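Notes for the one structure printed next.
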Amino acid sequence: MTRLRPLKVAIDAGNGMAGKTVPIVFEPLTFDLIPLYFELDGTFPNHPASPIEPENIVDLQRTVRERGCDVGIAFDGDADRMFLVDEHAQPISGSTTTAMVAERLLKKFPGESIIYNLICSWAVREVIVENGGTPIRTRVGHSFIKEVMAESGAIFGGEHSGHYYFRNNFRADSGMIAALIVLEALSDFGGPLSKLVEPFERYAASGEINSVVTDQQATLEKLATTFAEGKQDRLDGLTVEFDDWWFNCRPSNTEPLLRLNLEARTKELMAQKSEEVLAVIRGG
């Protein structure tokens with residue numbers, strides 16, 4: 001059984017529901033809690049409760065640095081999404097968190113299936129396989145993950161966007177459960193979060209890059225032709241894989257946009273290939 005360390009944990013509730021739930025959950029635990037914006041206020045006076053946007057975790061990052069915290073945790077308004085920053089206030093991607101939680105659960109429940117969406121890092125699938133699990137790749141979006149989770153019986157599902165789904169939570173997403181699993185793993189590890197995540201951060205990612213286009217489908221076909229040498233699939237938009245890099249480009253359902261996510265084995269290759277793919281998308 002894990003003995004929880006007295007970690008110093010900064011939590012930004014963003015004036016959302018985590019301000020009500022975190023005190024209840026954390027009260028019996030050994031953590032030194034530093035709360036930010038726990039007052040419930042639907043006008044969100046301090047910053048929008050959307051921690052996926054870098055500008056909305058600035059206060060959390062500053063608190064982690066100034067107070068010498070072991071970890072910072074930010075929740076969105078209804079606390080179903082969760083994002084981490086390490087002891088240096090560096091953000092941890094949703095893919096890395098998915099891989100960490102997957103590894104932890106597979107150690108406790110060997111052989112289970114784990115769901116990840118198709119713009120998660122290559123590392124997520126690798127970690128699932130390395131730990132004896134069965135990886136299941138899905139489209140982007142909570143409705144798709146929940147459907148596949150019900151069909152497959154997967155124990156866990158994760159998305160780059162900070163949504164983490166648990167079979168034992170009625171297949172619903174819970175930022176709180178994911179946060180507690182990470183804190184348990186950090187307690188077991190004994191070192192800093194920046195070192196704990198190193199084995200999961202294997203590639204360089206572009207992040208999501210949006211481009212306005214006049215014809216989404218025609219642009220996707222142009223990409224498919226330009227990068228015809230790669231392995232392609234159409235599960236969600238267009239995904240093209242090569243030995244040392246891959247990209248997914250998918251259309252927005254509400255705006256005339258294409259959303260590009262690209263990953264490569266090095267930062268240099270990621271930058272080069274991002275430029276190449278964007279040139280095709282934007283007509284360069």
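Only the coordinates and a few stated rules stand behind these numbers; no lab work does. Source: prediction; values computed, not measured. Note that each Cβ is placed from the backbone with ideal geometry, even for glycine, and that neighbours are counted across all protein chains shown.
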Can you tell me, using C-alpha contacts under 8 Å and at least 6 residues apart, the relative contact order of the chain as a whole percent?
14
Whole Å is fine, so just give me how far the alpha carbon centre of segment 268-284 lies from that of segment 20-81.
36
Starting from the 7 Å offset along Cα-to-Cβ, what nm value, one decimal, do you get for the label separation of LEU33 and GLU221?
5.6
Under 22 Å from the Cα of LYS20, which lysines turn up, not counting those fewer than eight places away in the same chain?
LYS8
At most 15 other Cβ within 10 Å, DSSP loop - GluC sites (Glu not before Pro), segment 6-67:
GLU39
Rounded to the nearest 500, what is the chain's calculated 222 nm mean residue ellipticity when only DSSP H runs of at least 4 contribute -39500 (n - 2.57) each, over all residues?
-10500 deg cm²/dmol
Rounded to whole Å, give me the distance from the Cα center of segment 91-155 to that of segment 186-213.
15
Find the eigenvalues of the gyration tensor of the Cα atoms of the chain, then list the square roots of 5 times those eigenvalues as equivalent ellipsoid semi-axes, largest first, in whole angstrom.
32, 21, 18
Partners for LYS222 among lysines (Cα-Cα distance below 28 Å; same-chain residues under 8 apart left out):
LYS231, LYS267, LYS273
Which of ASP80, ASP32, ASP173 moves most in a GNM of the chain, Cα contacts under 10 Å?
ASP32
